[in-house]
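Engineer: Supplied in structure tokens, the structure appears directly below.
The values are calculated or read from the model by the stated rules, or taken from the named source; none is laboratory data. Note that this is a predicted model, so its numbers are computed, not measured. Note that each Cβ is placed from the backbone with ideal geometry, even for glycine, and that neighbours are counted across all protein chains shown. Please note that ligands, DNA and RNA were not included when accessible areas were found on the heavy atoms of the full protein model with its side chains. Shrake-Rupley method; radii C 1.70, N 1.55, O 1.52, S 1.80 Å.
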Amino acid sequence: MSLTWWTVPTQLGVFKVNCRGLACLLVFTMSVCGSAPGMCPAACICASDIISCSNKNLSRVPGNLYKCMKRLDLSYNRIGFLEPEWVPALFEKLNTLIINHNSISSIITGSFSTTPNLKYLDLSSNSLKTLSSPVFQELRALEVLLLYNNQITQIEPPAFGGLYKLQKLYLSYNLLSHFPLDLYTGKHKLTDLVLLDISFNHIQLVPIQRLSSVPAKHLSGIYLHGNPFYCDCMLYSMLIFWYQRHFSSVVDFKNEYTCLLQSDPKGYNKLPLLHDNFLNCSESTVNSSFQAFGFIHDAQVGDRLIVHCDSRISDAGTHFVWISPDNRLLEPDRETDNFKVFRNGSLEITDAQLEDSGLYSCIAINKKRLLNETIEVRINVSNFTVNKSHAHEAFNTAFTTLAACVASIVLVLLYLYLTPCPCQCKAKGRKRKLNQSSAHSSILNSTLPQELPADEKKASTGKRVVFLEPVHEPKYSQNGKVKLFPNDNIIAESILKSTRTKSDSDSVNSMFSDTPFMPSA
């Protein structure tokens with residue numbers, strides 16, 4: 001029998017061990033795990049570097065775990081809170097920790113100091129309510145963090161501080177009422193975050209203008225479905241923009257995007273947000289969203305314009321090319337007329353002209369990842385002088401219309417409020433009552449009264465004007481209409497049947513003629 005000598009380094013020094021086959025492998029495994037016990041905990045199931053202590057009614061972590069384990073499952077237990085020494089020893093090789101379906105209500109800073117190399121942490125289905133201090137700051141290698149199905153109502157900006165490599169964050173089925181914008185902008189933003197699931201929370205408003213500055217590789221992974229959004233054209237425009245860019249967060253969950261009317265805040269009637277444009281949003285509103293996200297650019301003749309290619313695969317190995325509206329190929333390090341393409345995908349137009357307007361296509365190609373993406377950008381170039389003249393004409397028309405409206409209002413007010421007050425005529429009421437009979441008779445008799453004051457005689461040399469006053473005792477015999485005279489039919493008949501003499505014609509002519517009446521001497 002041949003023996004093989006192995007040199008094995010241990011904590012006590014270097015030993016030479018003679019072994020063969022399986023015995024050699026056992027000795028090597030024990031040396032790698034150091035002083036870790038060789039027995040699996042009685043409440044757990046061990047399989048090489050995987051330990052499962054799921055559903056064992058545990059309130060704390062067992063103390064005799066393998067130090068060389070890479071995956072630890074503590075789900076469906078009774079662990080209530082995490083403190084600095086809740087894990088009894090240092091586990092440098094542990095990269096997956098599952099603690100879902102426990103009763104964890106709080107996490108103290110330093111709780112993960114004994115598991116610094118975690119890449120996957122599952123804290124879902126617990127009782128967490130707030131995340132304030134940077135409780136995950138020791139996990140600098142963490143890539144996936146699951147916090148869904150908790151009771152989280154608030155997330156402070158430094159809560160995820162130190163997670164520089166975090167790529168996926170799951171916060172669905174919580175009680176969040178505000179969009180966690182600090183994850184993308186601010187001091188503690190997560191630069192590698194490509195997936196944020198905040199679906200089925202209590203978010204009603206989204207900071208659309210602030211999100212317009214977030215790159216597409218981050219936007220494409222934001223899941224917002226299942227939130228009680230208010231029906232809003234800006235939100236509709238943003239989601240339509242994401243849908244047209246084939247973001248899986250909208251394409252895969254299109255039917256889950258609903259909204260509430262402002263008159264129905266309790267959500268009795270949820271309306272489909274992405275179906276048939278029932279909001280009747282204008283084209284200008286939709287285009288403004290596209291413009292905010294950098295897919296519609298406006299420029300004047302002679303301007304210098306830089307358009308970015310906002311691709312989801314814009315990493316170091318991505319190659320960019322542009323296609324102009326006239327199907328010209330624009331490549332980096334190759335200037336064509338007034339166009340220039342940079343290696344990061346940006347397109348520069350040094351001297352914009354009217355003929356440069358149109359639809360441009362940016363193609364991002366990554367050969368290593370076997371990925372490509374085509375992005376369409378519309379550029380509108382207009383003439384400033386022409387637009388200025390049109391705007392001036394529109395201003396003149398609007399000003400003229402406004403001035404006419406103001407003048408009309410002033411005239412109406414003058415007519416309503418500057419007419420003589422009826423109370424001023426009360427003093428003359430009695431006099432008019434006394435002269436009613438003479439006024440009635442003046443209609444039938446055109447001769448002047450024989451006794452007139454001197455001033456009235458002087459006034460009578462001009463035109464004669466007769467005022468008819470209604471009788472102050474109305475009779476509502478004609479559907480509520482007031483009769484001027486009780487016997488107006490008789491008076492009219494007497495006028496028509498009266499015979500006129502030659503002198504009568506003179507007096508009638510004097511009543512209806514424009515020539516002044518001259519009495520005979």
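Engineer: Say we look at segment 323-342 and pick out the residues that are in a loop (DSSP other than H, G, I, E, B) and of a type in the set (Lys, Arg); which of these is most open to solvent (accessible area, probe 1.4 Å)? Spell out the reasoning first.
Structural biologist: Filtering segment 323-342 for residues in a loop (DSSP other than H, G, I, E, B) gives 324-328, 331, 333-335, 337-338, 342.
From what is left, the residues that are of a type in the set (Lys, Arg) are 328, 334.
Details: ARG328: 69, ARG334: 137 Å².
Within segment 323-342, the match that is most open to solvent (accessible area, probe 1.4 Å) is ARG334.
Engineer: Consider only pairs whose beta carbons are under 7 Å apart and that are at least six residues apart or on different chains; among these, list those whose first residue lies in segment 299-318 and is under 22 Å from ASP351 (Cα atoms) and whose second residue is of a type in the set (Phe, Trp, Tyr) and open to solvent by 60 Å² or more (accessible area, probe 1.4 Å).
Structural biologist: Matching pairs, first to second residue: GLN300/PHE384; VAL301/PHE384.
Engineer: Kindly indicate whether any position in segment 191-206 is of a type outside the set (Gly, Ala, Ser), assigned to a helix (DSSP H, G or I) and farther than 19 Å from CYS281 by Cα. Spell out how you get there, then give the answer.
Structural biologist: First pass over segment 191-206, keeping only residues of a type outside the set (Gly, Ala, Ser): 191-198, 200-206.
Next, only the ones that are assigned to a helix (DSSP H, G or I) stay: none.
Within segment 191-206, not a single residue is of a type outside the set (Gly, Ala, Ser), assigned to a helix (DSSP H, G or I) and farther than 19 Å from CYS281 by Cα.
Engineer: For residues in segment 140-160 being open to solvent by less than 10 Å² (accessible area, probe 1.4 Å) and at pLDDT below 95, which is farthest from LEU94 (Cα to Cα)?
Structural biologist: ALA159
Engineer: Please work out which residue is least open to solvent (accessible area, probe 1.4 Å), limiting yourself to segment 70-93 and to residues that are outside any strand (DSSP E or B) and acidic (Asp, Glu).
Structural biologist: Taking segment 70-93 as the starting set, the residues that turn out to be outside any strand (DSSP E or B) are 70, 74-80, 83-93.
Adding the requirement that they be acidic (Asp, Glu) leaves 83, 85, 92.
Values: GLU83: 77, GLU85: 154, GLU92: 112 Å².
Checked segment 70-93; the qualifying residue least open to solvent (accessible area, probe 1.4 Å) is GLU83.
Engineer: Got a number for residues in segment 106-127 being surrounded by fewer than 18 Cβ atoms within 10 Å (Cβ to Cβ) and either in contact with a strand residue (DSSP E or B) (Cβ under 6 Å, 6 or more places away or on another chain) or closer than 19 Å to SER172 by Cβ (or both)?
Structural biologist: 3
Engineer: Taking the condition among the small types (Gly, Ala, Ser), under 30 Å from HIS202 (Cβ atoms) and open to solvent by 70 Å² or more (accessible area, probe 1.4 Å), does SER284 pass? Don't jump to the end; show me each part of the working.
Structural biologist: Working: among the small types (Gly, Ala, Ser): yes; under 30 Å from HIS202 (Cβ atoms): no; open to solvent by 70 Å² or more (accessible area, probe 1.4 Å): yes.
No: the conditions fail for SER284.
Engineer: Going by the conditions given, is GLY161 of a type outside the set (Ser, Thr, Tyr) and in contact with a His (Cβ under 6 Å, 6 or more places away or on another chain)? Quick ask: steps written out before the conclusion?
Structural biologist: Numbers: of a type outside the set (Ser, Thr, Tyr): yes; in contact with a His (Cβ under 6 Å, 6 or more places away or on another chain): yes.
Judged against the criteria, GLY161 is a match.
Engineer: For segment 222-252, give me each residue that is assigned to a loop (DSSP other than H, G, I, E, B) and open to solvent by 70 Å² or more (accessible area, probe 1.4 Å).
Structural biologist: Kept after step one, since they are assigned to a loop (DSSP other than H, G, I, E, B), are these residues of segment 222-252: 224-228, 231-232, 245-247, 252.
Correct list: HIS246, ASP252.
Engineer: List every residue pair whose Cβ atoms lie under 8 Å apart, where the two residues are 6 or more positions apart in sequence or sit on different chains, the first residue falls within segment 331-342 and is acidic (Asp, Glu), and the second residue, located anywhere, is open to solvent by 30 Å² or more (accessible area, probe 1.4 Å) and in a loop (DSSP other than H, G, I, E, B).
Structural biologist: ASP333/ARG343
Engineer: So, one more: When residues of segment 170-192 are filtered for being within 18 Å of the chain's Cα centre (by Cα) and at pLDDT below 90, how many remain? Can you show your working first?
Structural biologist: So in segment 170-192, the residues within 18 Å of the chain's Cα centre (by Cα) come out as 176-182, 184-185.
Right, trim to at pLDDT below 90 and you get 185.
Residues in segment 170-192 being within 18 Å of the chain's Cα centre (by Cα) and at pLDDT below 90: 1 in total.
Engineer: Residues that are exposed (fewer than 14 other Cβ atoms within 10 Å of the Cβ) and either modelled with pLDDT of 85 or more or among the aromatic types (Phe, Trp, Tyr) (or both): list the strands (runs of 3 or more DSSP E) wholly contained in segment 343-411 that include at least 2 such residues.
Structural biologist: On the way: elements: 347-349, 358-366, 371-382.
Ranges flagged: 358-366, 371-382.
Engineer: Taking only segment 287-322 into account, find how many residues are within 19 Å of LYS367 (Cβ to Cβ), part of a loop (DSSP other than H, G, I, E, B) and not hydroxyl-bearing (Ser, Thr, Tyr).
Structural biologist: Kept after step one, since they are within 19 Å of LYS367 (Cβ to Cβ), are these residues of segment 287-322: 309, 311-322.
Checking the rest, the ones that are also part of a loop (DSSP other than H, G, I, E, B) come to 309, 311-317.
When the remaining residues are screened for being not hydroxyl-bearing (Ser, Thr, Tyr), the result is 309, 312-313, 315-317.
Number of matching residues: 6.
Engineer: Next up: Out of (1) at pLDDT below 95; (2) at positive phi; (3) of a type in the set (Ser, Thr, Tyr), what's the single condition that is false for SER212?
Structural biologist: So SER212 meets the others, but not (2).
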